[in-house]
Amino acid sequence: MSPKHFLNFTNLSKKDLINIIDRGLELKTMVSKPKSMEGKILGLLFEKPSTRTRISFEAGMQRLGGSALFLSGQELQMSRGEPISDTAKVMSSMLDAIVIRTDSQENLEMFTANSSVPVISGLSDVYHPCQIMADLMTFKEVNKNLNIEKVCWIGDGNNVCHSYMEAAQILEFQLSIFCPKGHEPNSKILESSKNFVTISSTKEEALSDANIVTTDVWTSMNSAKQSKEKELIFKDFFVDSSAMNFSKEGSIFLHCLPAHRGEEVSFEMLDHPSSKVWMQAENRMHVQEAILEYLLLD
Ligand code: CP
Ligand code: NVA
């Protein structure tokens, strides 16, 4: 039987998504976590830098009694041309699950097709599903429910935005995206999520009645170096405390981090009363522990 993977939300049911979030919340309350990963080894193959994703998977795996092995793409024979399919066959013969961070969704899918163990996306150029699981868990932790009516996304229509678009379809919330022209999300993902996603023409419209306000860097790791021209294009696409006045009462501000204060987010915003970004970052670990259990124990 082929293993379950976690590359995006395409094959994830609403029930499974909710169960993972609830398990993440449950694991968070435990002083001593169950040793559910005992004897298991998680490989992390990263071709891009990371603070949260790497630490949360390594720490989470250890807290559940397993271990983790960090592998930089630069140090593997892949960097000298060994095919990704061969790398996948070899790695999956010795590890129990593998997290990959890459700027090629195509390579991630090629790796997965050749892996005999579960593969988890730790971010690609197209999706960042683990991040959105932590965002949803954070909403539930704050509100004690997952009754999200509207999410407002301000900025680049990037990988994190695409995963929000997929989540909108599963949980049936509205996602309003306020992005510069030419920086809209992927058109195929936009087409498949069109019943739940709108591109707003004003910031106020995007923010209006939103339960979650969120943003991300103007320039992602897979993009060309940020230019002065780009900074001009993006200059109005930021969140500050005044933006929160347009969203719904009790709304929360989230940011996947790392943040660029003074660009997509104002200096005060990360520590504004509505900001839950530090809770959100910690929740990466708890929700990913639940994802590991979902993939490896069922
Ligand atoms: N949010 C997130 O994935 O952070 P890192 O790039 O630090 O892993
Ligand atoms: N969109 C960002 C997210 C970083 C966690 C990037 O891809 O660089």
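The values are calculated or read from the model by the stated rules, or taken from the named source; none is laboratory data. Note that this is a predicted model, so its numbers are computed, not measured. Neighbour counts run over all protein chains shown; Cβ positions are idealised from the backbone, glycine included.
Among the residues of the stretch 270-281, is any acidic (D, E), modelled with pLDDT of 95 or more, surrounded by fewer than 16 Cβ atoms within 10 Å (Cβ to Cβ) and in contact with a strand residue (DSSP E or B) (Cβ under 9 Å, 6 or more places away or on another chain)?
no
Return yes or no: is F6 within 16 Å of ligand 1 (Cβ to nearest atom), surrounded by 15 or more Cβ atoms within 10 Å (Cβ to Cβ) and without any contact (Cβ under 8 Å) to a residue 40 or more places away in the chain?
So F6 fails the test.
Among the numbered conditions (1) within 13 Å of L292 (Cβ to Cβ); (2) within 16 Å of ligand 1 (Cβ to nearest atom); (3) surrounded by fewer than 13 Cβ atoms within 10 Å (Cβ to Cβ), tell me where T51 comes up short.
(1)
Looking at the stretch 27-36 only, could you name the residues that are in contact with a helix residue (DSSP H, G or I) (Cβ under 6 Å, 6 or more places away or on another chain) and part of a loop (DSSP other than H, G, I, E, B)?
The answer is K33, S36.
Exactly one condition in (1) under 20 Å from the mean Cα position of the chain (by Cα); (2) within 21 Å of L297 (Cα to Cα) is false for L69; which is it?
Unmet for L69, out of (1) under 20 Å from the mean Cα position of the chain (by Cα); (2) within 21 Å of L297 (Cα to Cα): (1).
Between a residue in the stretch 123-149 that is among the aromatic types (F, W, Y) and any residue that is crowded, with 24+ Cβ neighbours inside 10 Å, which pairs come within a Cβ distance under 7 Å, given they are 6 or more apart or on different chains?
Y127/S121; Y127/N159; Y127/H162; Y127/S163; F139/I212; F139/I252
Out of the residues in the stretch 38-61 meeting the condition of being in contact with a strand residue (DSSP E or B) (Cβ under 9 Å, 6 or more places away or on another chain) and assigned to a helix (DSSP H, G or I), tell me which one is farthest from ligand 2 (Cβ to nearest atom).
Applying the filter and picking the extreme gives M61.
What about G24, is it among the small types (G, A, S), part of a helix (DSSP H, G or I) and at pLDDT 95 or above?
Against the criterion (among the small types (G, A, S), part of a helix (DSSP H, G or I) and at pLDDT 95 or above), G24 qualifies.
Name the single residue that is nearest to G24 (Cα to Cα) among those in the stretch 62-97 being part of a loop (DSSP other than H, G, I, E, B) and not charged (D, E, K, R).
L64
When you check N107 against the structure, is it away from ligand 1 (no atom under 16 Å from the Cβ), free of Cβ contacts under 8 Å to residues at least 24 places away in the same chain and within 18 Å of N222 (Cβ to Cβ), yes or no?
For N107, the condition - away from ligand 1 (no atom under 16 Å from the Cβ), free of Cβ contacts under 8 Å to residues at least 24 places away in the same chain and within 18 Å of N222 (Cβ to Cβ) - is met.
Considering each of A68, A59 in turn, give the residue that is in contact with a helix residue (DSSP H, G or I) (Cβ under 9 Å, 6 or more places away or on another chain), over 28 Å from K144 (Cα atoms) and at pLDDT 95 or above.
Going through A68, A59 in turn, the sole match is A68.
Between V239, V287, V217, which is under 20 Å from H162 (Cβ atoms) and either touching a strand residue (DSSP E or B) at 6+ places or on another chain (Cβ under 8 Å) or among the hydroxyl-bearing types (S, T, Y) (or both)?
V239
For every residue, the table says whether it meets (1) over 19 Å from Q131 (Cβ atoms); (2) of a type in the set (A, V, I, L, M, F, W, C); (3) touching a residue at least 40 places away in the same chain (Cβ under 8 Å); (4) not in a helix (DSSP H, G or I).
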{"position": "K194", "(1), (2), (3), (4)": "yes, no, no, yes"}
{"position": "A224", "(1), (2), (3), (4)": "yes, yes, no, yes"}
{"position": "M244", "(1), (2), (3), (4)": "yes, yes, no, no"}
{"position": "L254", "(1), (2), (3), (4)": "no, yes, yes, yes"}
{"position": "L270", "(1), (2), (3), (4)": "no, yes, no, no"}
{"position": "M285", "(1), (2), (3), (4)": "no, yes, yes, no"}
